[in-house]
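**Student:** Below you will find the structure I want to go over with you.
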Amino acid sequence: MAVRGTFALVERAMRVDTRLARTHLIRLGFATLILLFVVQVQRDISNYNAPGRDVFRSMCWVNFFLLNLAGVSFFSTVITEEKEELTLGLLRMAGISPVGILLGKVTPRLLGVVLLLSVQLPFTILAITLGGVSIDQIFAAYVALLAFAVLMAGMGAFLSTVCARSSLAASLTTTVLATVFITPYLLRDFGREMYRDKEISVTTREAIYEAAETVAQTTPLGSLDVILTTGFNGNPLSFQVLVDLSCGVVFFLFAWLLFDVFTRNEAVSTPARGMMAMFSKRVASQSRVWNHAIVWKDFNFLTGGVTAVVIKLLAYSILMGAMSVMISKRVRTDVSDNVGATLMASMLTALIVEIPIYLSRLFREELRWQTWSCLTLLPKTTTRVALGKLAGVAPAFLPAIIVFVVGALIAPKFFENYLFKRIFIREDGWYWMLQYLLAVHVIVLLSLVVKWGAVPFGISVVVVPNVIFMATAGRNASNITLATIGVCTFVLAIFIQWLIIRQLKTLAAT
Amino acid sequence: MTSTQKQSESDKPAVVLRGVQHSFRKFKALVDINFDVPSQSLHGFVGPNGAGKTTVLKLICTLLKPQTGKVEVFGRDVAIDYLAVRRRLGFMPDHFSMYRQMTVYEYLDFFAAAYGLPVETRTKVLDDVLELTDMSGKRTDLINGLSRGMQQRVGLARVLVNDPDILLLDEPASGLDPRARIELMDVLRALRSMGKTIIISSHILSELAELCDSVTVIDRGTIRYCGTMQELLDHQADYPTYRLTPSEPLNGLREKLGESTGIISIEEVEGSHDVRVAFDPEQIDSNGVLRAAMDAGITVTGFSRAQRHLNQAFMDLTEKGVR
């Protein structure tokens, strides 16, 4: 029964996947992207020592980037989406066992990734003929990537089993991946600093370096570098492959073991009250809605209200305070400049990450809970409602902005000479700002048409063409070329804005 | 709006649809829809699933723009003057589109504020609508924790916060238990007495028959009937029909009456010993039928124009199967 149920789930998912034009378009887009790499290298073949290896290296990094996106969006929602749709109970009632459900949900997604990788095979053969890469390297690289895909699938199954919501599962996946990727660098830095301060011996430092290297080799981030070195002759079943496969299986087994515990009570799918839950009903009933009602609603229920803003401000302040102390210990000169620069850079990064995350939820939550049509029935234009919602979300960025301003006050010269001029005076600063603007628009548009993954897909849609552009023609592009592309990007963003409003009007009637 | 303006508007139809057509890609959802809804009336909107009821309601409430034809609400074109129309209209969809993470009071206060009511006015309005919908005791409860019937009341309270002149209610009684349904109908009667125009789409025909002044029957995107409820129930396919009640069950009543000239058909009424008598008005009138019954030796205790049940009218006017 379990096997039959699993096959039924896999078959259904594969059928749906095959019928969707989107699936084939993604594969086509992927093949085109690789073809572009090949054409570019072929065009400038005289500039490359090992053109085949360079093509293959680009393909591997694009694959790695997409596997990470798949881990965050594609795999981390396998079970949570059933929980959110309240269909998990129906699957259980149909007699499908926990392992049957897990296999039935994970296998089609894993197969989808394998199919995406297999699209590239003809082009990898081209890479061999271009020279600089051997069949062993290609084989080892694909094994490394497939093992990483298994890890992503296992981790996705586990996190989506224990988490109640897709958003939480995706956030945890991102945190785990970021931790694994950053840890080697932090360990190396820690060892170097401790040794410099004479706190540890050479042997301890080497042991820390060794540990950092071991952690680095657990993901393709470390192993692909080794595989793609000239003259690689290692075993395809590398340390990374074994670790990733084992971890993937262990994660899956844990998902299976804990499945009943975390899915026994099918909670009624309901929107979260968030930080508003901290208030008693009495307080809630006494506090009044602002005259700008939509701003009030989104500020309180989408961003968490004043409580969330204060908590975030405290968290950023503590984190940045700790970093400032570390920097002041390490740096002997220009301490304030270094501290200020760190605050500004960190908060700029936080803003770059926060903005798309909040904006992707701006309309998604309304559509998910079928409340959008009620908002559009208010005597306001769709644009005005959308602007009200934007204004409601804006205070969520205040903590990062406040800490950024503090950084600018600590290091005004750095802000003026480096950050301000780099962003607002130089053409490439404008170029990247416009690309970011476009990415945010694409993310909002995608959030209206896809259930999950709007952020990673939106980023990919903008980042991948830019990577190609910068790797090819963009390297020697003049300022006029950059300005022209910038203007086109701006026009495209405006067009997407129009599409968003149009789509919102359509969705209100559905 | 002044009382004079309201008075002049009450003479005109609240909603007018003329030559409305609407398609979703190749599927023709509405084909040449024409009907009026009288002002300050309770208008039933019935039809099988997929007939086009919700599409019509969405056109009236400005969620959809008519592809062909014209939809007017109090003389204003919904395609042009949609913001003004929205101010005078409250739409309760058939699904629970609510911010269920809010308390009842927060939810109503949010919509009152969104309609631009100042905070002083809001307190009074919210107290009134909570009282009308009998939800005063639940004001601090989370909507998520309320029963379906109570959520339906909150939904109704929400559409009332801006004091709309027209209420569009799409299947408001679906999924409610009998008590909640009866209570909802009482609230609707109270709203009608306040001078609101109410358009209610429902499948519970018995309650519509009792509640509504006028009715529109829609099937396969076309209007099959639009008029007063009384006319619909009185209306017979071909011949006038009367219901005859004998004093006691009689054997051979059909045969005795059937011999009279002009009698077309005699049907027994299920669950009673009454009969429905249809006749040709050119050959005999209702007095003639009564006389014929008495001549046949039947003691008649009741003789009145037969009314169809709305269920029967619905079955007569709509086609079997789905499109």
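The values are calculated or read from the model by the stated rules, or taken from the named source; none is laboratory data. Since we're looking at a predicted model, the values are computed, not measured. As a convention, Cβ positions derive from the backbone with ideal geometry for all residues, glycine included, and neighbour counts pool all protein chains shown.
**Student:** With respect to A:E206, determine if the residue is assigned to a helix (DSSP H, G or I) and either within 20 Å of A:L257 (Cβ to Cβ) or assigned by TED's automatic domain parsing to the domain that holds A:K83 (or both).
**Tutor:** yes
**Student:** May I pose another question? Please go through the range A:332-344 and give me each residue that is under 26 Å from A:R196 (Cα atoms) and assigned to a helix (DSSP H, G or I), ordered by number.
**Tutor:** Across the range A:332-344, the qualifying residues are A:V335, A:S336, A:D337, A:N338, A:V339, A:G340, A:A341, A:T342, A:L343.
**Student:** Among (1) within 8 Å of chain A (Cβ to nearest Cβ); (2) in contact with a strand residue (DSSP E or B) (Cβ under 8 Å, 6 or more places away or on another chain); (3) farther than 23 Å from A:W369 by Cα, where does B:D165 come up short?
**Tutor:** (1)
**Student:** I would also like to ask the following. Out of the residues in the range B:277-311 that are within 31 Å of the chain's Cα centre (by Cα) and part of a helix (DSSP H, G or I), state the one that is farthest from B:E210 (Cα to Cα).
**Tutor:** Once the filter is applied, the top-ranked residue is B:N311.
**Student:** Between A:A411, A:A391, which is at pLDDT 95 or above and of a type in the set (A, V, I, L, M, F, W, C)?
**Tutor:** The unique qualifying residue is A:A391.
**Student:** Further question on the same structure: Report whether or not A:I494 is in the same structural domain as A:T381 (by TED's automatic domain parsing) and either under 30 Å from A:S373 (Cβ atoms) or within 25 Å of the chain's Cα centre (by Cα) (or both).
**Tutor:** It is false that A:I494 is in the same structural domain as A:T381 (by TED's automatic domain parsing) and either under 30 Å from A:S373 (Cβ atoms) or within 25 Å of the chain's Cα centre (by Cα) (or both).
**Student:** Residues that are within 29 Å of the chain's Cα centre (by Cα) and within 9 Å of chain A (Cβ to nearest Cβ): which helices (runs of 4 or more DSSP H) entirely in the range B:92-160 hold 1 or more of them?
**Tutor:** Ranges flagged: B:104-114, B:148-160.
**Student:** Kindly provide the set of residues from the range B:48-63 that are in a loop (DSSP other than H, G, I, E, B), more than 14 Å from every other protein chain (Cβ to nearest Cβ) and on the phi < 0 side of the Ramachandran plot, ordered by number.
**Tutor:** Residues satisfying the conditions are B:P48, B:N49, B:A51.
Condition check ((1) closer than 20 Å to A:L253 by Cα; (2) outside the structural domain of A:R15 (by TED's automatic domain parsing); (3) hydroxyl-bearing (S, T, Y); (4) buried (at least 18 other Cβ atoms within 10 Å of the Cβ)) across all residues:
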| site | (1), (2), (3), (4) |
| --- | --- |
| A:K83 | yes, no, no, yes |
| A:G89 | no, no, no, no |
| A:A94 | no, no, no, no |
| A:G100 | yes, no, no, yes |
| A:V113 | no, no, no, yes |
| A:S118 | no, no, yes, no |
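**Student:** Additional query: Regarding the range A:154-165, can at least one residue be identified that is under 18 Å from the mean Cα position of the chain (by Cα), at pLDDT below 85 and not aromatic (F, W, Y)?
**Tutor:** The answer is yes, given that some residue of the range A:154-165 is under 18 Å from the mean Cα position of the chain (by Cα), at pLDDT below 85 and not aromatic (F, W, Y).
**Student:** Then there's this: Confirm whether A:L159 is assigned to a helix (DSSP H, G or I) and either among the polar types (S, T, N, Q) or surrounded by 22 or more Cβ atoms within 10 Å (Cβ to Cβ) (or both).
**Tutor:** Here the answer is yes, as A:L159 does meet what is asked.
**Student:** Residues that are surrounded by fewer than 23 Cβ atoms within 10 Å (Cβ to Cβ), in contact with a His (Cβ under 6 Å, 6 or more places away or on another chain) and more than 26 Å from B:G155 (Cα to Cα): does the range B:30-50 have at least one?
**Tutor:** Looking through the range B:30-50, none of the residues is surrounded by fewer than 23 Cβ atoms within 10 Å (Cβ to Cβ), in contact with a His (Cβ under 6 Å, 6 or more places away or on another chain) and more than 26 Å from B:G155 (Cα to Cα).
**Student:** Just the residues that are of a type in the set (A, V, I, L, M) and buried (at least 18 other Cβ atoms within 10 Å of the Cβ), please, taken from the range A:328-345.
**Tutor:** Passing the criteria: A:V339, A:A341, A:L343, A:M344.
**Student:** Does A:A169 meet the test of being under 28 Å from A:V38 (Cα atoms) and part of a helix (DSSP H, G or I)?
**Tutor:** Considered against the rule, which asks whether it is under 28 Å from A:V38 (Cα atoms) and part of a helix (DSSP H, G or I), A:A169 comes out as no.
**Student:** Right, A:D225: touching a residue at least 12 places away in the same chain (Cβ under 8 Å) and not hydroxyl-bearing (S, T, Y) or not?
**Tutor:** No: the conditions fail for A:D225.
**Student:** Another question, then. Would you mind stating whether A:T381 is surrounded by fewer than 20 Cβ atoms within 10 Å (Cβ to Cβ) and farther than 30 Å from A:V335 by Cβ?
**Tutor:** When the stated conditions are applied, A:T381 passes them.
**Student:** Can you name the residue in the range B:51-69 that is in contact with a Lys or Arg (Cβ under 8 Å, 6 or more places away or on another chain) and farther than 26 Å from B:L232 by Cα and, of all such residues, is surrounded by the most Cβ atoms within 10 Å (Cβ to Cβ)?
**Tutor:** Here the residue is B:C61.
**Student:** I've got another one for you. Which number in (1) at pLDDT 90 or above; (2) crowded, with 19+ Cβ neighbours inside 10 Å marks the one condition that B:G137 misses?
**Tutor:** (2)
**Student:** Note down all Cβ pairs under 9 Å where the first residue falls in the range B:185-210 and is at positive phi, the second is of a type outside the set (F, W, Y) and assigned to a helix (DSSP H, G or I), and they're at least six residues apart or on different chains.
**Tutor:** Final answer for the pair search is B:G195/B:K6; B:G195/B:S10.
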